[in-house]
1. Could you sort 277-283, 258-264 so that the peptide with the highest average Cβ count within 10 Å comes first and the rest follow in order?
2. What pairs in Lys7/Lys331; Lys157/Lys194; Lys257/Lys306; Lys194/Lys276; Lys26/Lys149 have C-alpha atoms more than 21 Å from each other?
3. Provide the percentage of antiparallel DSSP beta bridges, counting only those with both residues in the chain; round to the nearest 5.
4. Apply 1/(1 + (r/R0)^6) to the Cβ-Cβ distance of Asp346 and Lys73, taking R0 = 25 Å, and write down the FRET efficiency to the nearest 0.05.
5. How much length would be gained if the chain were fully extended between Thr107 and Thr240, taking 0.36 nm per residue of separation minus their Cα-Cα distance, in nm to one decimal?
6. Based on the inverse mean of 1/r over its pairs of different Cα atoms, what is the Kirkwood hydrodynamic radius of the stretch 89-221, in Å?
7. Beyond 27 Å between alpha-carbons counts as too far, so tell me which of Lys61/Lys98; Lys218/Lys242; Lys138/Lys163; Lys163/Lys272 fall in that bin.
8. Seen from all sides and averaged, what is the projected area of the convex hull of the Cα atoms in the stretch 177-268, in nm²?
Amino acid sequence: MKASYSKYILQFKTASGTSRGVMTEKETWFLCLQEGAKKGIGECGIFRGLSVDDVPHFEQKLAWVCDNIHLGKNTLLAELLEFPSIQFGLEQAYLSLKSSQPLELFTSDFVQKESPISINGLIWMGDENFMLSQMEEKLRAGFHCIKMKIGAIDFNKELTLLKSIRKIFGPQEIELRVDANGAFEAAESLEKLKRLSEYHLHSIEQPIKPKQWEEMAKLCEATPIPIALDEELIGVFDVTEKAKMLQTIQPQFIILKPSLIGGFGGGQEWIKMADKHDIGWWITSALESNIGLNAIAQWTYTLGAKMPQGLGTGGLFTNNVESPLEVSDGKLVYRSDKKWNMNLIDNLCT
């Protein structure tokens, strides 16, 4: 077996803002395996500034994996504990190599019968007019669940936007989620959650910065809005530490991003623990290309999750890999009449 890797820069159609700043491009890496005439591909979706494996020797670790591919998947995954995005790429590449169709990683009705996955529409931070125009676009596109990034512009303006939405659409018509990306200060967070609760929100993601377990635990106990942990999960590798965190904080939800938590294996571990503690969960992509998004979507479908998932990021880039994935009426669908751009994929695996 041979292994190689390549770097790819995804270009945003529109500059996209979060509380961490504005993004115009997104770096990603592809890991390719070849055995005889067969090829397999996986995406190592590192997220600079957020991923725990955003380290200077990331590319060196990818090269090490390729040089040591003979060690086998299980040994490599164990060695890659602190490189969750490479773990995820490796998992995909092995599944891809074994599949009769390189990008069909899991057998399910999602791929074979175009059975859709309900997803949320994502609204990026910006000025009030920009955010409102995004909202109108998502509603026209048939979304019934909207996720809005907050924490970068004036909080009162964000409340005004939520108020204007709720004047037109009640909670039975549109489910609203907000994501603060840790933008609130711990001391002010409960008061902000109380003000947000007036607009009947489904949940808020990561209201305060991670690594404040006691403060987050108090917040989860007192909150008028269900809290979903997101960044809090990043970099927590040990099973005992994961259990301790969930028992300490007792969140209402956790959000699983395979590129950031060690792929399918890491996700399954978190799901098992969450289910044990009656904690809800959903799956979210982390700005991967359609190759990584496809893997996440196919896996997500096999889990039988019912609530809207965070898998609507495929249309953000000008140079994404052409694929069968399509967003239609607020759902992600795998269209059998659309094809993967295998020429680009072959070039990535040269």
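Rule-based calculations on the coordinates, nothing more; no lab input. It should be emphasised that the depicted structure is a prediction, and the values quoted were computed from it without experimental measurement. Note that we place each Cβ from the backbone using ideal geometry, even for glycine, and neighbour counts take in every protein chain shown.
1. 258-264, 277-283
2. In this structure, Lys7/Lys331; Lys194/Lys276 exceed 21 Å between Cα atoms.
3. 55 percent
4. According to the calculation, E is roughly 0.65.
5. Extra length from Thr107 to Thr240 when fully extended: 44.6 nm.
6. Kirkwood hydrodynamic radius for the stretch 89-221: 17.2 Å.
7. Lys163/Lys272
8. Result: 5.5 nm².
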